[in-house]
Amino acid sequence: MGNPDNRRVAFLRAAAARTGVLVRQVVPWRELAAGTVTLARRTLVRVDSPGEDAEVDRLLRGATAPARHGEIVGLRAWYRGLRAALTRLAEAADRADALLLSPPDDVLIMFDKGACHAHLAAAGVPVPPALPAPGGYAELRAAMRAAGWARVFVKPAHGSSASGVLALQVAQGRVRATTPVELAAGGALYNSLRVRTYTDERAIASIVDRLAADGLHVERWFPKAGLAGRVVDLRVLVVAGRATHVVVRSSRTPMTNLHLGNGRGDLAQLRTAAGERAYRSALDTACQAASCFPGSVQVAVDLMFGPGWARHAVAEVNAFGDLLPGVLSAQGRDTYTEQLVALRTFAPGVACAT
Amino acid sequence: MTINEHVTVFAGLPVAAFPSDEPTPDADAVAWRISGDWDTTIEEFGNLFETFLSTVDAAAVRALIIGDWGNSYETTAPIELVASAASRLPRLRALFLGEMTYEECEISWIKQGDVTAVLDAYPDLEIFRVRGAEGLRLSPVRHGALRELAFESGGLPGEVVRAVGECDLPALTHLELWLGTDEYGGDATVDDLAPILAGTRLPALTYLGIRDAEISDQVAAAIAAAPVVARLSTLDLSLGVLTDTGVIALLGGQPLVHLQRLDVHHHFLSAELAARLTSELGEAGVDVDVSDPQDPEGEDGHRYVAVAE
């Protein structure tokens, strides 16, 4: 299940060729987004990202026109469309006696940040504390005051990567938002590749209000560790219960997402700085987070260390976070090959281990 | 650029966190970093500090770093707490107050207070470094032991700069002022620097850093004729908004060939002027750092200091 022209599919095909796995069919997201699909009988179905395809995005949102490039629009409608599409996919899988390697329920939780946060917290996974979803900027500020929090991350409930995310801080009568969101004339919001800072409260309020219409998730800003002059966190890919691929994401801004021009950091250097015990403990937490989605063959966990390395917390869990070109596991396998190898022994619900 | 990582060495000693799961080092072998967590209250920090004093051999402690005291953008630095511990820290020689990263509290929001109390309480202190300048105050003091004084900020108040100029610091070899921008309260002028540049009260000075300054060009022009320069081995104008204008003034002023080091990294010089600076002084044996060049035209017409937030 994917966008056939996307490199994700190309990477999977290459890995399949290497491991001798037969790719029976690539079911285009456009088909599923538009209606029902038929799956080959008794197959394993990898569910990959619907992203990077304007038409799929339009179909999922049920909109008449595609979004303008980079525009943040219709996230709630997109999520509803995703839910409906994945429900159809689950029905198709039932009909074909096929196994979805990312069960719809898992994917839907991961694309609902509030639900995902609650799901992880309930399982005892360390996550930053969250506020009840605010309906707008005024409510957000009131909730921050009530909680005594001056610094928060404001995230669209159904966004992916750093799309629409604001690092917001308020103190001493000042307010500052650091974000890749660009506020266009007329109030439209765009994701840009440049992280910028807003200090004009009206602009910040108008961004938050607009995003809030499609749902927000707000967490207290967990300060992240620094390394080699940059803010860092980890993307940990957990495949069938094992933390197999780890990438250090490093940034000069609070947003560490790699598409924002941020670089990969030096993992060996991070392990030295953190100490092996703190590092292993963080990987254990990544596995614990992944085990909250036992039907998913892979889950990508974004994990933050505190400034002294002793503490860590999970920032995000991603259903489609396995696009990590060039990153190899201890066995020398890329993320796609690793998953195909794991399928030989994968049983949904497998216990977690590092 | 923001400050994104903690120092790992302070006062020549490796930094050890308190509290920590690691084995406890000898109290005099490390620089102790006492820091709260992101949700620490100032009361909890006070308890943590007391725990530190009663857990390690406080009488042997030489260097102390105060990190995040909890909501440091709203709560004033625990200056009295540190000052009142002076009798229990008789060997303390180095103190860093407010060593936080951007992720913990950005530099221009760190709430400092009147740090004179620290200098009064620790007459043997040799190194005093302060990060953040919101609410920062200093009264002119005489301090016979202080060798290194540094104020890191995104905007250093002119009042503080004037107070530094009025201090008698006979042993001071290293003076470092991050002037920042007026956007964050950095309203110091070149006139405020005049007593420092005259050097009358700073007879031992060998390092002068006027860093992270929006007014780097004016500072450079003033330094070109400043009496204090003759006794310096290092002149540090890094992290600021130094342009060709400032360097032309600097090169047209008094000789600088006695310097061991001239640091202007993070500058807005043209390639020609950067090369001229390097060749004219480099040939005379000065180690010139012109790394981290910024676009001379700035970003959208603005030239930014390296550390403001």
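The values are calculated or read from the model by the stated rules, or taken from the named source; none is laboratory data. Just so it is clear, the structure is predicted and the values come from calculations on it, not from any experiment. Positions of Cβ are backbone-derived with ideal geometry, glycine not excepted, and every protein chain shown enters the neighbour counts.
Within region A:81-101, the only residue that satisfies the criterion of being surrounded by fewer than 15 Cβ atoms within 10 Å (Cβ to Cβ) and closer than 14 Å to A:Pro50 by Cα is A:Ala84.
For A:Pro129, the test of being farther than 19 Å from A:Ala289 by Cβ and not acidic (Asp, Glu) is failed.
Can you confirm whether B:Glu134 is more than 14 Å from every other protein chain (Cβ to nearest Cβ) and among the charged types (D, E, K, R)?
Details: more than 14 Å from every other protein chain (Cβ to nearest Cβ): no; among the charged types (D, E, K, R): yes.
No; evaluated as a whole, the condition is false for this residue.
Remark: B:Ala60 matches the filter, which requires a residue to be more than 14 Å from chain A (Cβ to nearest Cβ), surrounded by 14 or more Cβ atoms within 10 Å (Cβ to Cβ) and not acidic (Asp, Glu).
Which of (1) surrounded by fewer than 18 Cβ atoms within 10 Å (Cβ to Cβ); (2) more than 17 Å from the chain's Cα centre (by Cα) does B:Ala226 not meet, given it meets every other one? Condition not satisfied by B:Ala226: (1). In summary, helices (runs of 4 or more DSSP H) completely within region A:200-317 and bearing 1 or more residues that are within 16 Å of the chain's Cα centre (by Cα) and either of a type outside the set (Val, Ile, Thr) or surrounded by fewer than 23 Cβ atoms within 10 Å (Cβ to Cβ) (or both) occur at A:276-290.
Looking only at region A:219-261, which residues are more than 12 Å from every other protein chain (Cβ to nearest Cβ) and among the polar types (S, T, N, Q)? Walk me through how you get there before you give the answer.
Step one: of region A:219-261, the residues more than 12 Å from every other protein chain (Cβ to nearest Cβ) are A:234-249, A:257-261.
Answer for region A:219-261, where residues must be more than 12 Å from every other protein chain (Cβ to nearest Cβ) and among the polar types (S, T, N, Q): A:Thr244, A:Asn257.
Looking only at region A:153-176, residues that are surrounded by fewer than 24 Cβ atoms within 10 Å (Cβ to Cβ) and more than 17 Å from A:Phe111 (Cα to Cα) come to 9 in all.
Consider only pairs whose beta carbons are under 8 Å apart and that are at least six residues apart or on different chains; among these, list those whose first residue lies in region A:278-290 and is without any contact (Cβ under 8 Å) to a residue 40 or more places away in the chain and whose second residue is basic (Lys, Arg). Partner pairs satisfying both residue conditions: A:Tyr279/A:Arg271. In region A:183-197, the qualifying residues are those that are aliphatic (A, V, I, L, M) and part of a loop (DSSP other than H, G, I, E, B), and the one that is surrounded by the fewest Cβ atoms within 10 Å (Cβ to Cβ) is A:Ala185.
Of the residues B:Gly36, B:Gly46, which single one is under 26 Å from the mean Cα position of the chain (by Cα), under 17 Å from B:Ile79 (Cα atoms) and not in a loop (DSSP other than H, G, I, E, B)? Before you say what the answer is, go through the steps one by one.
On the way: B:Gly36 fails: not in a loop (DSSP other than H, G, I, E, B).
Result of the check over B:Gly36, B:Gly46: B:Gly46.
Taking B:Trp69 as meeting all but one of (1) within 14 Å of another protein chain (Cβ to nearest Cβ); (2) touching a residue at least 60 places away in the same chain (Cβ under 8 Å); (3) touching a helix residue (DSSP H, G or I) at 6+ places or on another chain (Cβ under 8 Å), write down the number of the exception. Among (1) within 14 Å of another protein chain (Cβ to nearest Cβ); (2) touching a residue at least 60 places away in the same chain (Cβ under 8 Å); (3) touching a helix residue (DSSP H, G or I) at 6+ places or on another chain (Cβ under 8 Å), the lone unmet condition for B:Trp69 is (2). Filtered by the rule that a residue be under 20 Å from A:Leu189 (Cα atoms), among the small types (Gly, Ala, Ser) and assigned to a loop (DSSP other than H, G, I, E, B), region A:134-174 gives A:Gly135, A:Gly136, A:Ala157, A:Gly159, A:Ser160, A:Ser161, A:Ala162, A:Ser163, A:Gly164. Applying the criterion of being assigned to a loop (DSSP other than H, G, I, E, B) and of a type in the set (Lys, Arg) to the residues of region B:51-102, the residue that is farthest from A:Leu227 (Cα to Cα) is B:Arg91.
Screening B:Leu208 with (1) within 14 Å of chain A (Cβ to nearest Cβ); (2) farther than 29 Å from A:Arg194 by Cα gives one miss only, at (1). Does B:Leu251 satisfy being within 14 Å of chain A (Cβ to nearest Cβ) and in contact with a Lys or Arg (Cβ under 8 Å, 6 or more places away or on another chain)? Criteria not met by B:Leu251. Examine region B:81-100 for a residue that is charged (D, E, K, R), within 14 Å of chain A (Cβ to nearest Cβ), within 25 Å of B:Asn4 (Cβ to Cβ) and buried (at least 18 other Cβ atoms within 10 Å of the Cβ), and state whether such a residue exists. Checked against the condition, which is being charged (D, E, K, R), within 14 Å of chain A (Cβ to nearest Cβ), within 25 Å of B:Asn4 (Cβ to Cβ) and buried (at least 18 other Cβ atoms within 10 Å of the Cβ), region B:81-100 yields at least one hit.
Can you confirm whether B:Gly253 is surrounded by fewer than 20 Cβ atoms within 10 Å (Cβ to Cβ), in contact (Cβ under 8 Å) with a residue 12 or more places away in the chain and on the phi > 0 side of the Ramachandran plot? No: the conditions fail for B:Gly253. Do we have any residue at all in region A:173-184 that's within 12 Å of chain B (Cβ to nearest Cβ), on the phi > 0 side of the Ramachandran plot and not polar (S, T, N, Q)? Taking every residue of region A:173-184 in turn, at least one turns out to be within 12 Å of chain B (Cβ to nearest Cβ), on the phi > 0 side of the Ramachandran plot and not polar (S, T, N, Q). Filtered by the rule that a residue be in contact (Cβ under 8 Å) with a residue 60 or more places away in the chain, under 14 Å from the mean Cα position of the chain (by Cα) and over 15 Å from B:Ser153 (Cα atoms), region B:83-125 gives a lone residue, B:Ala94.
Just one of the listed residues (A:Ala138, A:Ala122, A:Ala133) is over 30 Å from A:Val37 (Cβ atoms), surrounded by fewer than 18 Cβ atoms within 10 Å (Cβ to Cβ) and in contact with a Gly (Cβ under 7 Å, 6 or more places away or on another chain), and it is A:Ala133. Scanning for something surrounded by 18 or more Cβ atoms within 10 Å (Cβ to Cβ), touching a Gly at 6+ places or on another chain (Cβ under 9 Å) and at pLDDT 95 or above, does region B:160-171 turn up at least one residue? For region B:160-171, residues surrounded by 18 or more Cβ atoms within 10 Å (Cβ to Cβ), touching a Gly at 6+ places or on another chain (Cβ under 9 Å) and at pLDDT 95 or above: present. Being of a type in the set (Phe, Trp, Tyr), more than 14 Å from chain B (Cβ to nearest Cβ) and in contact with a helix residue (DSSP H, G or I) (Cβ under 6 Å, 6 or more places away or on another chain) is true of A:Phe293. Taken over region A:302-341, the criterion of being under 20 Å from A:Asp266 (Cβ atoms), more than 14 Å from chain B (Cβ to nearest Cβ) and of a type outside the set (Gly, Ala, Ser) is satisfied by A:Asp302, A:Leu303, A:Leu324, A:Pro325, A:Val327, A:Leu328, A:Asp334, A:Thr335. Among the residues of region B:1-26, the ones that are in contact (Cβ under 8 Å) with a residue 60 or more places away in the chain, assigned to a strand (DSSP E or B) and within 14 Å of chain A (Cβ to nearest Cβ) come to 0 in all. The residues of region B:27-48 that are more than 14 Å from chain A (Cβ to nearest Cβ), surrounded by fewer than 21 Cβ atoms within 10 Å (Cβ to Cβ) and not aliphatic (A, V, I, L, M), listed by number, are B:Asp28, B:Gly46, B:Asn47.
For region A:43-75, which residues satisfy the criterion of being more than 21 Å from A:Ala90 (Cα to Cα) and not in a loop (DSSP other than H, G, I, E, B)?
Filtering region A:43-75 down to residues more than 21 Å from A:Ala90 (Cα to Cα) leaves A:52-55, A:58, A:63-75.
If the condition is that a residue be more than 21 Å from A:Ala90 (Cα to Cα) and not in a loop (DSSP other than H, G, I, E, B), then A:Ala54, A:Glu55, A:Arg58, A:Glu71, A:Leu75 are the ones that fit.
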